[in-house]
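Before any comments, here is the structure.
The values are calculated or read from the model by the stated rules, or taken from the named source; none is laboratory data. All of these numbers come straight from a predicted model, not from anything done at the bench. Cβ sites come from the backbone with ideal geometry, for glycine too, and all protein chains shown count toward neighbours. For accessibility, only protein heavy atoms count, side chains too; no ligands or nucleic acids. Shrake-Rupley method; radii C 1.70, N 1.55, O 1.52, S 1.80 Å.
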Amino acid sequence: MGPATADAVPQRPVVAVLGTGIMGSGMARSLLRAGLEVRAWNRTQAKAAPLATDGATVTSTAADAVRGADVVLTMLNDGTSVAAALTAASDGVHRGQILLQSSTVGPDASVELAQRAADLGLVYLDAPVSGTRQPAEQGALTVFVSGPSAVRGVVAPVLDAIGQRTVWVAEEPGAASGLKLVVNTWVINLVGGVAECLNLAEGLGVNPQLFLDAVRGGPLDSGYLQGKSAAVLSGDLTPSFALSTALKDTRLILEAAERSGVRLDLTAASAARFGRAEAAGHGGEDMIATYYAGRATEEDGG
């Protein structure tokens, strides 16, 4: 059987979702709301179990999840996790099946995964997403895709269900993952800026709400600033994007920058802050918990 074509796959493809954490579970529910059949698997099965009440078929093995699916969507922590999932699923895949690889793994790992997919006879799409918990649950992500244009029509129902916008980047794998790292650099440095402003306000005895009110509605304001500040001030750090995941992505960015001969001073500082916050026990909280890394210690000379 050759590569998948629009004629080879039904208009309502069956989707196997491998990885049902914060993002994967939200994407699975968006697929279900769009009327697509979803087969879900997670290494820790308890994380996938709640999807059964939404209509998904929850399987105990990755091979069972992908068996008979038209599209396999992976949303896992890193390239190593995706590779392990593909190995676990290998007995259930079939030639021409489409792998929509949406984990943030970086360009180099994406190319390596494309080769693994080719070895299994899969059609590989490098398809990382931009967005956090709420957009994933609302089907409002932005999806960056690179891969063969011949399968655009096949995956369109899946992309339309999980995202409000799809950006087709290039034909070759890795290109979409490169764009994702650029976008994440912007987000990571934004959240660091929010945290440092709140840290300085606290240090100077300035009511942080005065800062937020001072910029509200002007060119320096943003929904991101207001939302992340509200999370800190209320103490509700329920993760929409976990700090430990942000640290993983920051390290990917720095590795890619070093290989490219680019120096990213702000991003390196963000990585250091995330590392301190994770070491202090905030890894499972929202990434704005980098705020807690902004307090001087005796070791810092503070």
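Before moving on, here are some points about what is shown:
- Kirkwood hydrodynamic radius (C-alpha pairs) into Stokes-Einstein, the range 140-211, 10 °C and 1.306 mPa s, D in µm²/s: 106 µm²/s
- A straight line joining the Cα centroids of the range 144-189 and the range 224-272 runs 21 Å.
- Estimated translational D of the range 1-106 in µm²/s (Stokes, Kirkwood radius over Cα pairs; 20 °C; 1.002 mPa s): 158 µm²/s
- Dipole magnitude for the chain: computed about the Cα centre from +1 point charges on Lys and Arg Cβ and -1 point charges on Asp and Glu Cβ, it is near 560 debye.
- With each label modelled as a point 7 angstrom along the Cα→C-beta vector, the Val167-Ala272 pair spans 3.0 nm.
- The chain: antiparallel DSSP beta bridges as a percent of all, rounded to 5: 15 percent
- Cα-projected label distance for Thr44 with Asn189, points at 7 Å along beta-carbon direction, nm: 3.4 nm
- Gyration tensor verdict on the range 227-302 (Cα atoms; rounded if a/c is under 1.5, prolate if a/b is larger than b/c, oblate otherwise): oblate
- Tail beyond 22 Å, pair distance distribution of the range 144-302 (Cα, percent): 52 percent
- The range 209-270: Rg to Rh, with Rh as the Kirkwood radius over Cα pairs: 1.10
- When the range 181-242 is reduced to its Cα atoms, the Kirkwood hydrodynamic radius in Å: 12.4 Å
- Electrostatic tally near Ala28: other residues with Cβ closer than 14 Å to its Cβ, Lys and Arg +1, Asp and Glu -1, net +2.
- Within the accessible area of the chain (1.4 Å probe), percent carbon and sulfur: 53 percent
- Surface per residue (accessible, 1.4 Å probe) for the chain, Å²: 45 Å²
- Loop-located trypsin sites (Lys or Arg not before Pro) in the range 223-302 (DSSP state other than H, G, I, E, B) with a sparse environment of at most 10 neighbouring Cβ atoms within 10 Å: Arg263.
- Qualifying GluC sites (Glu not before Pro) in the range 140-220, DSSP loop, other Cβ atoms within 10 Å at most 11: Glu171
- Summarising the amide proton neighbourhood of Tyr124: residues at separation of 5 or more, or on other chains, whose placed amide H is nearer than 5 Å comprise Leu99.
- In the range 51-120, the alpha-carbon atoms span a convex hull of 88 Å³ per residue.
- Hydrodynamic radius of the range 22-173 per Kirkwood, over alpha carbon pairs, in Å: 15.1 Å
- Positive end of the dipole of the chain (Cβ unit charges, origin at the Cα centre): among Leu36, Ser146, Thr132, the Cα lying farthest that way belongs to Leu36.
- Signed unit charges on C-beta, dipole axis of the range 11-111, positive-most listed residue Ala109, Asn77, Gln45: Gln45
- Computed P(r) (all Cα pairs; the chain; 10 Å bins; percent): 6, 27, 32, 21, 11, 3, 0
- With DNA, RNA and ligands ignored, accessible area of Ser260 (1.4 Å probe; Å², nearest 10): 90 Å²
- Once both labels are positioned 7 Å from their Cα atoms along Cα-to-Cβ, the gap between Asn77 and Arg152 label points is 3.6 nm.
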